[in-house]
């Protein structure tokens, strides 16, 4: 069984100035504790911190459904990780969905507007998380800790927890600027209620804030690979900085490839190692991997919900696939991939490159009907079975044990190579090639047959290799934008722009709209151009 902070999951509800908490694993919240009482007892701190991590995995107060954190959309649809997948994958060549739920098809068709409920749910999730983190940070200042008589080792831990909360807030602000551009900005120093409306800050300004926050917490975070599983450490912070720097030209107009190399080097020196077999990274015992830098943790007993990994394991299963081989009680016949993405692989059988996880029996490679599950190949990547073939812990077969690898080493190797190709200093092409070939060797299960030559290491190759290596890991939209291939580039995929063969779309879709619901509530906000 996993040893993780979510095994002691607390249900914490932030309602204006009141926090309520329970450390019961049956997820039945108690509502008799005020903020003052919660933070007066250090025994509650880790439970409140657990809620901050749980926001990415769970959608409400009791699980699997019934008391959602946010309103206005089905609770399962509104899950943070599920919506992040929808934003990052359904809007690209990597995924298309067969369902007809609301405006879900507008995502792949790239004709969404500011009333799209899924874009709104992602936005609301981001700011719900930021609000929770702000409150925890607000209650753990030096003066607050002193007034609550938090001393000795408890004080050390409290400052560490506070640094983790700042990391989680920074990660959500990164999601905010990546998806929405210029965004509302609120921190622990701002008032709660009382007519306060968060100002909208330019993307570059929030970028600088995220950067400063991450650098400020470095000394308070646990050293790389030394924290409890599922919690942020210095390597997670370095990874977020590397991500920020790799995309800096998109966010700020200034290339920061040299800084990306600096932080990739720090991560690589920390001692992570590639998982020997690619498929094992996405199974129910992937918590044992030495490659994963920061996971979103799931457990079939303690983190039950209809988003997150429940969605990623069930939704791609259907047709001629056997659900039992995925460790689940049934598929949802939803997500497939497109012919354009399949074409990134020279051999789709998986006999050579093990990352070709396509299920083709009974499936058409061409998507003539976006609503037909049999149109489009399936990707059999995420499973609720262990590397030894055992099913996950939930006896019903509903809820998986598989963790989501938010950050992992192979991505670092590919980021390093890309930053070198973009002219960053502090790295070199020979090392870059060696890192890419390490990823390729693992993809070919130890064979050198897939290794590339120096002349083959180009930026277009890196984009394709990131697609192959990181498929369905919620990087694709960001990658395509960074490479200029998302909207007006030459790269088209089936039903891009709501055209069967694919077409270019307007550049303004490189950012999502600010939801009309927030525009109506906050007079400080201005809609993104084009919406």
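Looking only at residues that are in contact with a strand residue (DSSP E or B) (Cβ under 9 Å, 6 or more places away or on another chain) and assigned to a loop (DSSP other than H, G, I, E, B) in region 468-480, which one is farthest from residue 450 (Cα to Cα)? Steps first, please.
Our first condition is that a residue be in contact with a strand residue (DSSP E or B) (Cβ under 9 Å, 6 or more places away or on another chain); within region 468-480, this holds for 470-474.
Remaining after also requiring assigned to a loop (DSSP other than H, G, I, E, B): 471-474.
Numbers: 471: 18, 472: 22, 473: 22, 474: 24 Å.
For region 468-480, the residue satisfying everything is 474.
Any residue at all in region 331-342 that is touching a strand residue (DSSP E or B) at 6+ places or on another chain (Cβ under 7 Å) and over 23 Å from residue 463 (Cα atoms)? Please lay out each step first, then the result.
Pass one, region 331-342, residues touching a strand residue (DSSP E or B) at 6+ places or on another chain (Cβ under 7 Å): 334-338, 342.
Next, only the ones that are over 23 Å from residue 463 (Cα atoms) stay: 334.
Checked region 331-342: at least one residue is touching a strand residue (DSSP E or B) at 6+ places or on another chain (Cβ under 7 Å) and over 23 Å from residue 463 (Cα atoms).
Determine whether residue 162 is farther than 26 Å from residue 256 by Cα, part of a helix (DSSP H, G or I) and touching a helix residue (DSSP H, G or I) at 6+ places or on another chain (Cβ under 7 Å). It is true that residue 162 is farther than 26 Å from residue 256 by Cα, part of a helix (DSSP H, G or I) and touching a helix residue (DSSP H, G or I) at 6+ places or on another chain (Cβ under 7 Å). Does region 397-409 include one or more residues that are touching a helix residue (DSSP H, G or I) at 6+ places or on another chain (Cβ under 9 Å), assigned to a helix (DSSP H, G or I) and over 13 Å from residue 246 (Cβ atoms)? Taking every residue of region 397-409 in turn, at least one turns out to be touching a helix residue (DSSP H, G or I) at 6+ places or on another chain (Cβ under 9 Å), assigned to a helix (DSSP H, G or I) and over 13 Å from residue 246 (Cβ atoms).
Yes or no: region 94-108 includes at least one residue that is within 27 Å of residue 299 (Cβ to Cβ), part of a helix (DSSP H, G or I) and either at pLDDT below 95 or in contact with a strand residue (DSSP E or B) (Cβ under 6 Å, 6 or more places away or on another chain) (or both). No, the conditions are met nowhere in region 94-108.
Please enumerate the residues belonging to region 377-388 that are more than 15 Å from residue 287 (Cα to Cα) and either modelled with pLDDT under 95 or outside any loop (DSSP other than H, G, I, E, B) (or both).
Just the residues of region 377-388 that are more than 15 Å from residue 287 (Cα to Cα), to begin with: 377-381.
Of everything in region 377-388, those that are more than 15 Å from residue 287 (Cα to Cα) and either modelled with pLDDT under 95 or outside any loop (DSSP other than H, G, I, E, B) (or both) turn out to be 378, 379.
Within region 162-188, residues that are on the phi > 0 side of the Ramachandran plot and touching a residue at least 60 places away in the same chain (Cβ under 8 Å) sit with their Cβ atoms under 7 Å from residues that are surrounded by fewer than 23 Cβ atoms within 10 Å (Cβ to Cβ) and in a helix (DSSP H, G or I), at 6+ positions apart or across chains, in these pairs: 181/203. Note on region 41-85: among residues that are in contact with a strand residue (DSSP E or B) (Cβ under 8 Å, 6 or more places away or on another chain) and free of Cβ contacts under 8 Å to residues at least 60 places away in the same chain, the one that is nearest to residue 479 (Cα to Cα) is 69.
Considering only residues that are in contact with a strand residue (DSSP E or B) (Cβ under 9 Å, 6 or more places away or on another chain) and either modelled with pLDDT under 95 or over 27 Å from residue 467 (Cβ atoms) (or both), look in region 481-531 and name the one that is surrounded by the fewest Cβ atoms within 10 Å (Cβ to Cβ). Taking the candidates together, the pick is 526.
Looking at residue 471, is it in contact (Cβ under 8 Å) with a residue 60 or more places away in the chain and either under 23 Å from residue 276 (Cα atoms) or touching a helix residue (DSSP H, G or I) at 6+ places or on another chain (Cβ under 8 Å) (or both)? Criteria met by residue 471.
Among the listed residues 426, 502, 484, 530, which satisfies the condition of being out of contact with any helix residue (DSSP H, G or I) (no Cβ under 8 Å at 6 or more places or on another chain), part of a loop (DSSP other than H, G, I, E, B) and on the phi > 0 side of the Ramachandran plot?
Details: 426 fails: out of contact with any helix residue (DSSP H, G or I) (no Cβ under 8 Å at 6 or more places or on another chain); 502 fails: out of contact with any helix residue (DSSP H, G or I) (no Cβ under 8 Å at 6 or more places or on another chain); 530 fails: out of contact with any helix residue (DSSP H, G or I) (no Cβ under 8 Å at 6 or more places or on another chain).
Every option except 484 fails the conditions.
Restricting the first member to region 226-242 and to residues that are on the phi > 0 side of the Ramachandran plot and crowded, with 22+ Cβ neighbours inside 10 Å, and the second to residues that are assigned to a helix (DSSP H, G or I) and at pLDDT 95 or above, the beta-carbon pairs closer than 7 Å and six or more apart or on different chains are 230/53. Within region 124-146, the residues that satisfy the criterion of being under 19 Å from residue 54 (Cβ atoms) and not in a helix (DSSP H, G or I) are 139, 140.
Taking residue 280 as the residue in question, decide whether it is touching a helix residue (DSSP H, G or I) at 6+ places or on another chain (Cβ under 7 Å), part of a helix (DSSP H, G or I) and surrounded by fewer than 19 Cβ atoms within 10 Å (Cβ to Cβ). Outline the logic, then answer.
Numbers: touching a helix residue (DSSP H, G or I) at 6+ places or on another chain (Cβ under 7 Å): yes; part of a helix (DSSP H, G or I): yes; surrounded by fewer than 19 Cβ atoms within 10 Å (Cβ to Cβ): yes.
Judged against the criteria, residue 280 is a match.
Pick out the one residue from 412, 436, 420 that is without any contact (Cβ under 8 Å) to a residue 40 or more places away in the chain and either assigned to a helix (DSSP H, G or I) or surrounded by 22 or more Cβ atoms within 10 Å (Cβ to Cβ) (or both). The match here is 436. Here the condition is being out of contact with any strand residue (DSSP E or B) (no Cβ under 9 Å at 6 or more places or on another chain) and under 15 Å from residue 402 (Cβ atoms); of 265, 288, it holds for 288 alone. Taking the numbered list (1) assigned to a helix (DSSP H, G or I); (2) more than 30 Å from residue 507 (Cα to Cα) in turn, residue 195 passes all entries but (1).
Filtering region 400-452 to residues that are over 25 Å from residue 478 (Cα atoms) and within 22 Å of the chain's Cα centre (by Cα) leaves 400, 401.
Kindly indicate whether residue 135 is in contact (Cβ under 8 Å) with a residue 60 or more places away in the chain and under 30 Å from residue 149 (Cβ atoms). Against the criterion (in contact (Cβ under 8 Å) with a residue 60 or more places away in the chain and under 30 Å from residue 149 (Cβ atoms)), residue 135 qualifies. Just one of the listed residues (327, 318, 300) is under 30 Å from residue 500 (Cβ atoms) and either at pLDDT 95 or above or over 19 Å from the mean Cα position of the chain (by Cα) (or both), namely 318.
The values are calculated or read from the model by the stated rules, or taken from the named source; none is laboratory data. Since we're looking at a predicted model, the values are computed, not measured. FYI the Cβ positions are ideal-geometry reconstructions off the backbone, even for glycines, and counts take in every protein chain you see.
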